[in-house]
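All remarks here apply to the structure that follows.
The values are calculated or read from the model by the stated rules, or taken from the named source; none is laboratory data. The structure presented is a predicted model; accordingly, all values stated were derived computationally and were not measured. Cβ: placed from backbone, ideal geometry, glycine included. Neighbour counts: every protein chain shown. These accessible areas exclude ligands, DNA and RNA; they are computed on the full protein's heavy atoms, side chains included. Shrake-Rupley method; radii C 1.70, N 1.55, O 1.52, S 1.80 Å.
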Amino acid sequence: MSSKVGCTHCHLEFNDNVMIVDGEHYFCCKGCQGIYHLLKDEGLDSFYNKAGDTKLTPPIQQYEDSSNFNSPAFYDKFVSINKDGFSDVSLIIEGIHCSACVWLNEKALHKMAGVISVNINYTNNKAKIVWDDTVLKLSSIIDMIRAIGYNAFPYDASLQEVRANKERQEYYLRMAVAIFASMNVMWIAVAQYAGYFTGITQDVKTILNIAEGVLATPVLFYSGWIFYRGAYYAIKTKTVNMDILVATGSTLTYMYSIYITAFERGEAYFDSVTMIITFVLIGKFLEVLSKKSVADTLDIMSNHVPSSIKVIEDGKIVEKNINDVKVLDIIVVGSGERVALDGTVLEGEGNFDESNLTGESEPVYKQIGDKIISGTVSIDAQIKYEATKDFAHSTLSNLVSLLEGAMSNKPRIQMMANKISEYFSAVILGFALITFLVWWFWPHSFERSFMVGISVIIIACPCALALATPVATLVGLGLASRRGILFKQASQLETMAKATTLVVDKTGTITQGKPRVVQEYIYDDFDRSLLYSLVQNSKHPVAKGVGEFVLQEGINNFELQSVKQIPAQGISAIYMDKKIFGGNLKLMQNEGIETQNILHTHGTSHVSNSGNSEFYFAVNDKIVAKFELFDTPKADAKESISAIQALGIEVIMLTGDHQKSAKKVSEEVGIKIFESELTPEGKFLYIQKLHDTGKVVVMAGDGVNDILALALADIGISMGSGSDIAIDVSDVVLLNDSLASLSDTFKISRKTYFMIKQNLALSLLYNAITIPLAMAGYIIPLLAAISMSFSSLLVVGNSLRIRAGFKK
């Protein structure tokens with residue numbers, strides 16, 4: 001008769017008549033036998049000590065050919081080259097069950113010649129591998145992963161999104177059960193507590209206990225399953241965490257309450273069970289919400305890229321998928337359309353909006369032979385251009401690669417409560433056990449010793465400690481939302497509180513984002529309605545600025561004839577017998593209009609050296625007016641920047657605009673350090689340098705040109721009027737677009753973080769006083785539960801003080 005034998009490698013049990021015997025070891029298949037000897041030969045057999053009795057997945061023999069991972073198509077889509085020239089790929093490792101599996105994969109790959117670094121995230125099984133492709137091929141890395149019993153496939157953001165949604169849905173259901181049951185238990189508990197002081201018969205008490213027990217059961221074993229699972233893995237890895245304390249305290253309290261109910265003696269504490277699980281589960285759920293999905297961010301840019309492109313084939317315009325367009329294909333772009341691929345203009349001319357990449361608010365004129373960049377938008381151009389890069393190597397794709405790197409390197413600051421609870425939980429369990437043993441051996445009463453031990457666990461159960469962070473965080477988030485500040489992650493409040501440096505974009509963040517007239521020169525009388533009518537026919541930001549300036553009561557919008565857009569220069573038209581022009585100095589000179597006589601009028605130079613934009617208006621070959629425009633800072637910019645600097649935060653301005661404009665704005669708002677003419681990559685590298693010096697950086701911006709910097713910064717803040725991509729990528733959004741809100745963001749974060757630390761101090765002080773009293777037997781479980789509730793209310797009340805000092 002055959003018997004069951006456990007495999008030495010995977011620990012799965014099989015009949016001994018099918019096992020492979022290798023000395024003193026048994027293996028279910030040759031794959032497990034091969035892995036065992038591989039690990040032993042490589043000096044990695046300590047894996048089995050770390051894995052313990054964890055059941056692993058036996059190696060699967062049928063895999064796709066690993067040489068497919070070396071194909072150019074795979075490299076183009078999934079592999080990138082870092083700044084050091086090494087290859088970089090993100091993989092999902094299939095078959096990881098525990099931290100020992102992570103250790104094994106990292107150690108095995110690190111031993112391979114050519115592997116530079118391996119980092120595996122246990123929470124999502126995502127591995128980031130950097131290797132020298134001249135020494136080692138990716139297929140060899142895949143073969144090693146498979147050889148030790150796992151499998152790997154390229155990282156797919158959509159799978160990550162499905163996983164995150166599933167986890168959130170699980171918490172929703174568990175919280176719904178816990179909250180519903182807790183609310184009903186509390187109603188029963190009111191009667192219980194009232195009866196304790198005013199008198200209640202044992203029959204009624206038993207009925208109420210049974211009702212509470214029925215409600216507490218699904219809360220403990222369904223809603224609280226998360227804590228049992230966390231406690232199980234903590235025990236496996238020989239660590240003590242808050243999950244163990246929650247699971248132990250709630251389970252023992254539940255068991256004791258069943259004992260009390262069954263034998264009708266003493267007080268049951270099912271209400272404590274439900275409150276313990278519900279409160280701590282809410283805290284856990286906040287942690288889940290605070291996890292930012294890399295997939296969500298990386299998918300943002302693809303949502304803003306057209307899925308199809310107009311391509312000329314055989315003399316006809318056809319639509320093709322963006323990934324099917326090849327280098328040298330001829331692409332058609334019309335007015336208002338976004339450029340999807342980089343290329344060179346073959347036919348046509350016009351203005352392009354590059355503000356999402358460069359930060360420059362003024363359109364850029366493109367003509368035959370000029371290069372156009374993916375991600376820019378055609379304002380008035382109808383062109384044909386030749387693709388010089390496919391989508392995988394386009395500017396937009398490069399931005400995505402940098403964005404992925406920035407997100408994966410985002411620092412994860414552990415919550416203070418978790419650091420304290422790591423030791424707190426183990427100490428409390430030890431205290432409870434010691435208390436139980438002492439009381440058992442002294443009065444020789446199991447019931448008495450059990451009650452005292454339970455009192456220690458209940459009174460020290462980490463409700464106050466668990467609430468210290470999430471309640472203060474919720475109050476801070478609520479206060480922020482009422483002031484037009486949206487935090488996407490709860491944990492960002494702490495990071496903001498620790499910030500040392502604020503980096504701000506100029507256009508649209510410090511400034512209005514719209515050029516406005518700052519100086520007007522009138523050389524002759526003219527009809528302002530004529531000027532207003534002319535600029536209404538232009539989409540140029542400068543023309544719009546002039547239009548807003550001259551718009552006033554009584555202004556008419558005339559119907560003009562022969563309206564002509566002159567690329568990169570301005571606009572012309574005819575009204576009745578008048579020929580009118582509006583644009584820059586080059587337009588005036590090309591039209592043969594005299595300019596020298598107005599550049600020096602009344603002995604005063606009208607030549608602008610400030611870097612302001614200029615708009616000339618001419619009627620019948622005579623310049624009658626000139627306007628200088630400047631993108632002025634927001635009204636509250638200087639005051640807000642000063643308030644932030646008063647908090648001890650260094651403020652730096654980065655912009656793609658020219659040096660004169662940047663200097664003028666920085667001086668107006670009181671910023672001493674600024675950098676001008678920076679590309680998106682330049683801003684990215686600047687923040688990277690700040691990180692290298694140990695700075696905690698907050699970046700505030702509003703455009704696509706800021707998304708790399710927003711992603712790399714410890715906290716990215718987007719203005720509410722910014723681009724959709726910037727808002728999606730950022731961690732915080734200022735809904736009212738005010739810089740005063742930026743200042744409030746720092747103040748609220750710092751005050752919230754201070755209250756979190758104060759709450760932790762209060763909860764620890766509470767435990768320092770009450771735990772010795774409980775160990776001495778002066779506190780019964782009922783009073784322990786009431787005391788625990790009081791400590792929770794104390795933490796909640798203290799958290800509400802965050803609102804003080806802020807106007808409603």
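Grouping the Cα pair distances of region 66-158 into 5 Å bins from zero gives a pair-distance distribution of 3, 14, 28, 28, 18, 8, 1 percent in increasing distance order. Packing around the peptides 131-143, 318-330, taken as the average count of other Cβ atoms within 10 Å per residue, puts them in this order, highest first: 131-143, 318-330. Legend: distances between Cα atoms for Lys384/Lys579; Lys539/Lys586; Lys638/Lys689; Lys506/Lys638; pairs beyond 22 Å are Lys384/Lys579; Lys638/Lys689.
Among the protein heavy atoms, those of Glu675 account for about 70 Å² of accessible surface (1.4 Å probe, every chain in place).
Residues in region 265-283, backbone N under 19 Å from the label point at Asn184 (7 Å along the Cα-to-beta-carbon vector): list them, ranges by number please. Once the point is set 7 Å along Cα→Cβ of Asn184, 269-279 turn out to lie under 19 Å by backbone N, inside region 265-283. Extension gain for Tyr259 to Arg803 (0.36 nm times residue separation, less C-alpha to C-alpha distance): 191.3 nm.
Please give the charge dipole size of region 471-517, origin at the Cα centre, charges +1 on K and R Cβ atoms and -1 on D and E Cβ atoms. Round to the nearest 20 debye.
Values: 7 positive and 2 negative charges, 49 e Å.
The calculation lands at about 240 debye.
A crude spin-label estimate for the pair Gln382 and Glu667, with each label 7 Å from Cα along the Cβ direction, gives 4.6 nm.
A crude spin-label estimate for the pair Arg229 and Ser481, with each label 7 Å from Cα along the Cβ direction, gives 2.6 nm.
State which entries of Lys371/Lys626; Lys663/Lys683; Lys126/Lys498 exceed 26 angstrom in Cα-Cα distance in the structure shown. Present the calculation step by step, with values, prior to reporting the outcome.
Values: Lys371/Lys626 32 Å; Lys663/Lys683 17 Å; Lys126/Lys498 29 Å.
In this structure, Lys371/Lys626; Lys126/Lys498 lie more than 26 Å apart at Cα.
Computed over protein heavy atoms with a 1.4 angstrom probe, the accessible surface ordering of Ile566, Ile235, Ile148, largest first, is Ile235, Ile566, Ile148. From most to least packed by mean Cβ count within 10 Å, the peptides 472-481, 448-457, 253-262 give 448-457, 472-481, 253-262.
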